[in-house]
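The next block holds one structure in the form of structure tokens; read it before the comments.
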Amino acid sequence: MKGAGNPVKIVVGADERTVSAYFGKSQHFIIFDVAGGRIVGEERIENPGHTRRFNPPRYVANLGGVVVIGGVIGRIAFNIMRKRGMEVIAGASGDADAAVVAYLEGKLALDESAIETRDASESPEAVE
């Protein structure tokens, strides 16, 4: 079971309690504290949104999470978070708590088809 060792933080892009269909446009991020292979706490932080100077992947990377779970995740956002050492799980759906539990049980994995590809010039994430 994942998360059975040291405490970790898992960040889920969510709309209410549901995994958001598009990570970067989620209403908020739920930060789950996991220890001993189970959820032991959580915090909800509003998504400040995309601008030319601010973007969700960098924001999430600074939250201290180790794992990110979302629906569709843009390729650039995916790469930003991976470069910062995060495990990124795209392609999740349904209840946020259930997605975290599925991840911990090894039943949730990256769905490569949920990584959106588009020209970098179209994306605010392209601005460093």
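Nothing in this text is a laboratory measurement; each read-out follows from the coordinates by a stated rule. Treat the numbers as computed from the prediction; the structure is a model and nothing was measured. Glycine gets a Cβ as well: all are built from the backbone with ideal geometry, and neighbour counts include every protein chain shown.
Compute the distance in nm between two label points, each set 7 Å from the Cα along the Cα-to-Cβ direction, one at Ile45 and one at Leu110.
2.3 nm
State, to one decimal in nm, how far the label point of Tyr59 lies from the label point of Asp97, with both points 7 Å from Cα in the Cβ direction.
Spacing of the two 7 Å Cα→Cβ label points: 2.5 nm.
Mind listing the long-range amide H neighbours of Val88? Cut-off is under 5 Å, sequence gap 5 or more, other chains count too, H placed in the peptide plane at 1.01 Å from N.
The list, which skips near neighbours in sequence, is Val68.
Using all C-alpha to C-alpha distances in the range 40-109, build P(r) with 10 Å bins and read off the rounded percent in each one.
Histogramming the range 40-109 at 10 Å steps yields 18, 52, 27, 3 percent.
By average Cβ neighbour count within 10 Å, what is the ranking of 17-25, 58-66 from highest down? Don't jump to the answer; show the numbers that get you there.
Details: 17-25: 19.7, 58-66: 16.2.
Top of the packing list down: 17-25, 58-66.
What ratio of Cα Rg to 2.2 N^0.38 Å holds for the range 33-78?
Working: Rg = 12.5 Å, N = 46, 2.2 N^0.38 = 9.4 Å.
That works out to 1.33 for the range 33-78.
Write down the radius of gyration of the chain and its Dmax, each obtained from C-alpha positions, in Å.
Radius of gyration, then largest Cα-Cα span, for the chain: 13.5, 42 Å.
Measure off 7 Å from each Cα along the Cα-to-Cβ vector at Lys83 and Arg17, then give the distance between these two points in nanometres to one decimal.
3.7 nm
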